[in-house]
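The block underneath contains the structure these notes are about, expressed in structure tokens.
The values are calculated or read from the model by the stated rules, or taken from the named source; none is laboratory data. The shown structure was predicted, so the numbers you read here are calculated from the model rather than taken from an experiment. Cβ: placed from backbone, ideal geometry, glycine included. Neighbour counts: every protein chain shown. Each accessible area value is taken on the protein alone, full model and side chains, heavy atoms only, with ligands, DNA and RNA left out. Shrake-Rupley method; radii C 1.70, N 1.55, O 1.52, S 1.80 Å.
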Amino acid sequence: MTPVSSRLSRIPASARWSVVLLVVVVALIVAIWPRGGGGSSLDAGGTAQSAGPIPGATASVSPDDLAAARSRAALAPCPVGTGAAPASSVLRGVTAPCLGAPGEVDLGAATAGRPMLVNFWAPWCLPCRRELPTIESFARRAGSSMTVLAVQAKEGSENPVLALALLTEIGVRLPSVVDSDARVAAALGIPRVFPVSVLVRADGTVAKVLPTVFEGEQDVADAVARDLGVRV
């Protein structure tokens, strides 16, 4: 018998099994620990939270499945521009796919000449799920005085059916685009936390980036009045 085997034989069987169980548990934790690509979300207090894996994010989506999901969601049409974006617009030349219908949106042109609230969200973000109905309620209140646009962040954009299913479930029909290449986020200078709202002036310049969770319609209205100078 080797010295190592001799020493092991003196360890009680129950202790040896405990060591084996500990090794197995550690191995399982390492195997399932999330690895990047998820981004962050905000809790109710505005604290950044690490995101877990995105179920189904890499699943293939057939055209029929996407069309059916769009039909169920019945989102408001994406904005359509009436002229060129001003030279000052940070969104000039930035395009993004419309979530609710086929086609690309030229965001600089589509939002030119009107103040705007842009709300970034992700399908796995629980605070986003809570906030989106509030953003939609504010959009109804604001009417034609400003544009309110939802943006599905790059994180989770691989499967638009997941995003459409969430909006269908919570009954939100905001006009929405997909920031599949993160160009919208980069243009507006947002941090990698969700949700985050951006207030944009009529000339396309950024008035304020708000990495916060709005708890009520009036909270949104107060921020818009304070930082954008629009009262609704």
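General observations
- Looking at V213, V206, just one residue is among the hydrophobic types (A, V, I, L, M, F, W, C) and under 14 Å from the mean Cα position of the chain (by Cα), and that residue is V213.
- Close Cβ contacts (under 8 Å, 6 or more residues apart or on different chains) running from residues in segment 98-119 that are free of Cβ contacts under 8 Å to residues at least 60 places away in the same chain to residues that are assigned to a helix (DSSP H, G or I) and open to solvent by 20 Å² or more (accessible area, probe 1.4 Å) comprise A101/R70.
- The set of residues in segment 79-107 being open to solvent by 20 Å² or more (accessible area, probe 1.4 Å), touching a Gly at 6+ places or on another chain (Cβ under 9 Å) and not in a strand (DSSP E or B) consists of G81, T82, G83, A84, P86, A87, S88, V90, R92, G93.
- A69 more than 25 Å from F214 (Cα to Cα) and crowded, with 20+ Cβ neighbours inside 10 Å: yes
- Checking L117, L132, L126, L164 one by one, the residue that is out of contact with any strand residue (DSSP E or B) (no Cβ under 8 Å at 6 or more places or on another chain) and either farther than 28 Å from L228 by Cα or not polar (S, T, N, Q) (or both) is L164 and no other.
- Tabulated pairs, segment 158-172, first free of Cβ contacts under 8 Å to residues at least 40 places away in the same chain, second part of a helix (DSSP H, G or I) and not small (G, A, S), C-beta under 8 angstrom, 6+ apart or interchain: G171/P133
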